[in-house]
1. Could you tell me whether region 69-87 includes any residue that is surrounded by fewer than 17 Cβ atoms within 10 Å (Cβ to Cβ) and in contact (Cβ under 8 Å) with a residue 60 or more places away in the chain?
2. Which pairs have Cβ atoms under 9 Å, sit 6 or more apart or on different chains, and link a residue in region 153-169 that is touching a residue at least 12 places away in the same chain (Cβ under 8 Å) and closer than 19 Å to Glu184 by Cα to one that is open to solvent by 20 Å² or more (accessible area, probe 1.4 Å) and part of a loop (DSSP other than H, G, I, E, B)?
3. Looking at region 239-276, which of its residues are in a helix (DSSP H, G or I) and farther than 13 Å from Thr206 by Cα?
4. Of these, Val103, Val64, which one is within 19 Å of Ala43 (Cα to Cα), open to solvent by less than 10 Å² (accessible area, probe 1.4 Å) and touching a residue at least 40 places away in the same chain (Cβ under 8 Å)?
5. Is region 168-179 home to any residue that is within 24 Å of Gly11 (Cβ to Cβ) and among the acidic types (Asp, Glu)?
6. Would you mind finding the one in Val100, Val112 that is part of a loop (DSSP other than H, G, I, E, B) and in contact with a strand residue (DSSP E or B) (Cβ under 6 Å, 6 or more places away or on another chain)?
7. What is the number of the single condition among (1) over 22 Å from Glu171 (Cα atoms); (2) of a type outside the set (S, T, N, Q); (3) free of Cβ contacts under 8 Å to residues at least 24 places away in the same chain; (4) surrounded by fewer than 17 Cβ atoms within 10 Å (Cβ to Cβ) that Asp228 does not meet?
8. Return the residue satisfying two criteria in turn: it lies in region 44-61 and is hydrophobic (A, V, I, L, M, F, W, C) and assigned to a helix (DSSP H, G or I), and of such residues it is surrounded by the fewest Cβ atoms within 10 Å (Cβ to Cβ).
Amino acid sequence: MKLSREINDDGRFVRQPNRFTDRLGPPEPGRYRVYASYACPWAQRVLIVRKLLGLEDLLDVTIVDPIRDEKGWRVPGGDPEYLSELYHATDPGYTGRYTVPCVWDTQEKRIVTNDFPQITLDLETTWGTSPNLYPERLRPDIDIMNDRLYHGLNNAVYEAGFSRDQQVYEEAVARVFTTLDFLEVRLAESEFLFDTLTDSDVRLYTTLARFDAVYYGHFKCSVRRLVDYPALWAYARRLYAIPAFRETTDFDQIKRHYYITQTTINPSRIVPVGPELDWSL
């Protein structure tokens, strides 16, 4: 499906709503399968939480090919061949983009959810509780932080990258760097966004992991790099040192997905060399 459908008349990118929003039922080995991509920040959230909570035996995973074509995400060597087949099996009239992550119910033969903000919260509250990534005492504050991250950074980089109007682009970029400046101050004296690792850290990390490699150049968020923020750069590397974050971060797939797939921004499909970054502590 064409991303252009999500560009308003004023040149602003407005992300499509999530079509499937049922909640995950209790964990049952073999019942649920998440379709995800190492390239996609929304999908990587689920992969990180799945590993952090030790849910590998309860939630199966299929990693799609990072290069989308006109049919959408391809399932390497799989049945179905394309993720779109699951969308149409669930809703034959579906006309939106075929997005990851989505969770397939192997018993009911339908997509339960592609509601990426809620999937991790369901896993954190009903599937696994150690570590407690969504503690009750912090939930109101986490919800506020997650909203700020989404509008000011996670989605704002896309609003900048896909915008087709100079003023709209500049407004989105301003939100990105206002948010990064806020986070730099917050993390200057704190190991995590709160006093413990939470869902908010997962949501922030997946954007930071892509920032210098993709968003800085490809999405024109080029005021400053992640490495220009000492506290944020140190924080990102602390998270990368945790196996659940590091083992689900594939910089090659990230770069190939954005630069090869998004031809309206990069019609040559040339994948840039670099940047050379040392993510080790």
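1. No: zero hits.
2. Note: pairs meeting the criteria are Asn155/Arg15.
3. Pro243, Asp252, Gln253, Lys255, Arg256, His257, Tyr258, Tyr259, Ile260, Thr261
4. Going through Val103, Val64 in turn, the sole match is Val103.
5. Applying the first criterion (within 24 Å of Gly11 (Cβ to Cβ)) to region 168-179 yields 168-179.
Subsequent filtering for residues that are among the acidic types (Asp, Glu) retains 170-171.
Yes, some residue in region 168-179 is within 24 Å of Gly11 (Cβ to Cβ) and among the acidic types (Asp, Glu).
6. Numbers: Val112 fails: part of a loop (DSSP other than H, G, I, E, B).
None of the others qualify; the one that does is Val100.
7. (1)
8. Filtering region 44-61 for residues that are hydrophobic (A, V, I, L, M, F, W, C) and assigned to a helix (DSSP H, G or I), the one surrounded by the fewest Cβ atoms within 10 Å (Cβ to Cβ) comes out as Leu52.
The values are calculated or read from the model by the stated rules, or taken from the named source; none is laboratory data. Only a predicted model underlies this, so the values are computations on that prediction, with no experimental measurement involved. Here the Cβ is made from the backbone with ideal geometry for all residues, glycine too, and neighbour counts use every protein chain on show. Quick note on the areas: whole protein, heavy atoms, side chains included, nothing else; ligands and nucleic acids left out. Shrake-Rupley method; radii C 1.70, N 1.55, O 1.52, S 1.80 Å.
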